[in-house]
Each structure stands twice: as structure tokens, then as C-alpha cells.
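Note sheet for the following structure.
The values are calculated or read from the model by the stated rules, or taken from the named source; none is laboratory data. The structure displayed is predicted, hence computed values, not measured ones. Cβ coordinates were reconstructed from backbone atoms using ideal geometry, including for glycine residues, and neighbour counts include every protein chain displayed.
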Amino acid sequence: MPVRPNTPMNPNLQHLHPYPFEKLAQLKQDLMPPHDKAHIALSIGEPSHPTPHFIQDTLLAQIHGLGVYPTTKGLLELRLAIADWLSRRFHIPLAAINADTQVLPVSGTREALFSFAQCTIDAAATMKKPIVIMPNPFYQIYEGAALLAGAEPYFLNTTAATGFLPDFDAVPEAIWQRCQLVYICSPGNPSGAVMGSADHQKLVNLAEQYDFIIASDECYSELYDDEAKPPVGLLQTAYEMGNTAFKRCVVFHSLSKRSNAPGLRSGFVAGDAELLQAYFQYRTYQGCAMPLPTQHASIKAWQDEHHVIENRRLYREKFTAFISILSEACEIKQPPASFYVWLKTPVNDQEFAQKLFAHENLTVLPGSFLSREFNGINPGQGYIRIALVAPLDECIKSAHRIKNFLNTL
């Protein structure tokens, strides 16, 4: 039923922006693309590589677990598998990761990235609204989480001038003093840029100085180009700095991109035990425990690296083919990680996306839909995000279509 105007509601709901894909649907409304070209969607970051059979088989084999209420903390076996993966992947001694106090399974990182802010933000702590810092462009969950927690988003423009990474030196002292939470995303969405250890170190030192929490979204960490240079993680850097308890540091990981299992809704949060104890208590009331069949399938997924290596190979193949075709028509570079191409457009990004759909029946996402105007600029303006999630042949077709379209401009 429609909500009556006088019905009490969370007043922060009115500050939420439409989701990027709502805007995209409106942008395409009433357009008639050519019928002789099959539609190709490269707008949503939804993996389309097959979910490994062993994950599916384990899920089905454990389906009887649906008759049991799962616990919020999850199976110890799952938390141990996650701790073991963190240790192997980020070169942290296994003894330094307490699977009982420093790891929590979550039903996909989207819900965790949102709910973590609701748990940790103290909106009554200062006279002014608390600040949540985030990159710009950004995953819109960060902004919504901040707004609904009663905080004020503060955007760090990530542009070509900053290597598409946040410049923490550009944040005024007064903002740091009000900051309670910083979201970072590395590898980045939408650019694929990767933060290095020095970036993490600077932020960890700032967190200690100003007493804020770092929430590191590392969902794309396993989709990288160079097998010899996997992206560093926040916990990895914290441990190397001597912050062996990961104070103020929390990371978010998912099986959606790593294991091509977005429908499994499985991920985890790990880091500072004190923060996770409070977050665990919050989650017991939130009612988001992971079903047992999902937990068993997740154990198998975190224990296997062969399918992840093959996944990276498939994305490299698509990047190589896509870029080799488009490089003849525009300036394009392969990002160090993720499955996105952050492509500069010769015309307004919304106009580009609209006309590309109308002429070529190809859907991409305007960069300005992923960002906000801040300090006089919208850093997503003049870019489109292309998700190379479609099969190889469709990515090749898409590259030719974009090339043809660019040649008409």
C-alpha cells in the first residue's frame, strides 16, 4: 500500500538518490534500437562465467540443511576456511587471524557494507553530523549507508590526475576530525585502479590519529591481470605495519566475482575483533544468517584456487580482444584489476550511452550515474563503465559496435 504523507518514516530516506540502473532505464525509455542486432548488456557487473560445478554440487548435497536455523556466526569450519584463505592470499600468519573473533560470514558484501555503517556510526557523537568519506565515483551502497546512518557523505574525487585513486592529502583537517568511517574500494569500481601498501599505510595512520574506522571493499581483489602482482589487502598492510590486531581495519570479500556465484549471496567481513564483536551483536538482531547449504558450498569455494585462476584467464582473454579492436578508434587501457573498462567519451557520457543503445543495441552505464558533483566537478562525467561480463564473442561484437559508433561521431 502507498505510504500516507503523514506516516512516520525515517527522514533520511528522502536524501537517497535513485539507483544508477533506475536512471539508465529512464535514459533508454522510448528508444527503439535496431532489431537486426541482438541486445548486449555491458552495464551491470554481474559475472556470467559458469559457477563451478563443485560449488553447485555441494549446495545440492547439503540441501537438507534448509531444515535447520543457521547461526549468525556461521559454521566454525567456514570461518576456518576463510581465515586460511586470508592467510594464504595476503601473506598473514594463520595464527594472527582468529577465526572465532575476527571473521564473520555475510550474505553477500552488499548487505554487509550497508549494515556495517548502521552499526558503527554514532550520529549523536558531535554537534555536527558525522562524516563518512568515500571515493567518487563509488558503489552507491556507501552513500546510502552513510545517509541512513545519519551521517554526511564526503566525496574524494578520483580522476585521471590522481590515478583514479583517492587523495587523502586533499582532505581538510576539519573533515578528518568529524570522520567516523572511510570506505575504500580496491581494486576500484569503476576504474579498476589498485591502492598500494603506501596508500593503506597513510590511511591506517590517519585512522589512528583521528580515531575512525576503515571499511575496505575488496570484492574485486581476485580479478587482476598480472599473476605475479595480486592486489594488496588492507589487513595485509596493517599486519606489515605492526598493527597485528587490525585495529580500526575491516575488509569485505565476496564469492560473487571471485567464484562467479553472485546468486549464492556469500561473503565475509574480517578484521578488528572489537568491531566485529559489536557487528556480530548487531547482526543477531538483523536476522541475516547464511543458510547451511550456502555455508558448505562457500567452504569448498574458499578452499579452491584453480577455478579462480581460470576465471582470471577468461577475463584476460576478453580484455585483450576488446582492447585490440577499440584501440584503433580511441584511447583505451587495460586496468590492473576488475572486469571494467572505464572509457573516456568524446561527447557527454549520458548522450553517448543513449545513442550507443539507439544505434547499436548495446547498453553501457554513464559514468555520471556513479558519481556526485563535488568541489565543482562530477568525476564520472565524460566516462562510461563497460562491464566485460558477457561471453567472449559478445565482447568482441560489442567492441566492433562501439568502434563503429565512435567513427560516426
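One table, with the values for the structure above:
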{"quantity": "Selection status of GLU208, free of Cβ contacts under 8 Å to residues at least 24 places away in the same chain and surrounded by fewer than 19 Cβ atoms within 10 Å (Cβ to Cβ)", "calculated": "no"}
{"quantity": "Flag if ILE332 is in a helix (DSSP H, G or I) and out of contact with any Lys or Arg (no Cβ under 6 Å at 6 or more places or on another chain)", "calculated": "no"}
{"quantity": "Of all residues in region 335-353 being among the hydrophobic types (A, V, I, L, M, F, W, C) and either outside any helix (DSSP H, G or I) or touching a Ser or Thr at 6+ places or on another chain (Cβ under 7 Å) (or both), the one that is surrounded by the fewest Cβ atoms within 10 Å (Cβ to Cβ)", "calculated": "VAL347"}
{"quantity": "Residue match in region 238-249 (condition: in the same structural domain as HIS200 (by TED's automatic domain parsing), surrounded by 18 or more Cβ atoms within 10 Å (Cβ to Cβ) and in contact (Cβ under 8 Å) with a residue 60 or more places away in the chain)", "calculated": "yes"}
{"quantity": "One residue from ALA124, ALA170, ALA95, ALA161 being farther than 18 Å from SER338 by Cα and modelled with pLDDT under 95", "calculated": "ALA124"}
{"quantity": "Meets criteria (in a helix (DSSP H, G or I), modelled with pLDDT of 95 or more, of a type in the set (Ser, Thr, Tyr) and assigned by TED's automatic domain parsing to the domain that holds ASP211) for THR294", "calculated": "yes"}
{"quantity": "Only one of PRO18, PRO11, PRO5 that is at pLDDT below 95 and within 24 Å of TYR383 (Cα to Cα)", "calculated": "PRO18"}
{"quantity": "Qualifying residue in region 35-48 (condition: at pLDDT 95 or above and of a type in the set (Ser, Thr, Tyr))", "calculated": "yes"}
{"quantity": "Filtered residue count, region 52-71, keeping only those that are under 27 Å from CYS219 (Cα atoms), out of contact with any His (no Cβ under 9 Å at 6 or more places or on another chain) and β-branched (Val, Ile, Thr)", "calculated": "2"}
{"quantity": "Members of region 354-388 found to be part of a loop (DSSP other than H, G, I, E, B) and either among the acidic types (Asp, Glu) or touching a residue at least 24 places away in the same chain (Cβ under 8 Å) (or both), listed by number", "calculated": "ASN361, VAL364, SER371, ARG372, GLU373, ASN375, PRO379, GLY380, GLN381, GLY382, LEU388"}
{"quantity": "Residue match in region 347-359 (condition: under 30 Å from HIS253 (Cα atoms), in contact with a Gly (Cβ under 9 Å, 6 or more places away or on another chain) and not assigned by TED's automatic domain parsing to the domain that holds LEU223)", "calculated": "no"}
{"quantity": "Per-region count, region 10-30, residues outside any loop (DSSP other than H, G, I, E, B) and within 19 Å of ASP349 (Cα to Cα)", "calculated": "9"}
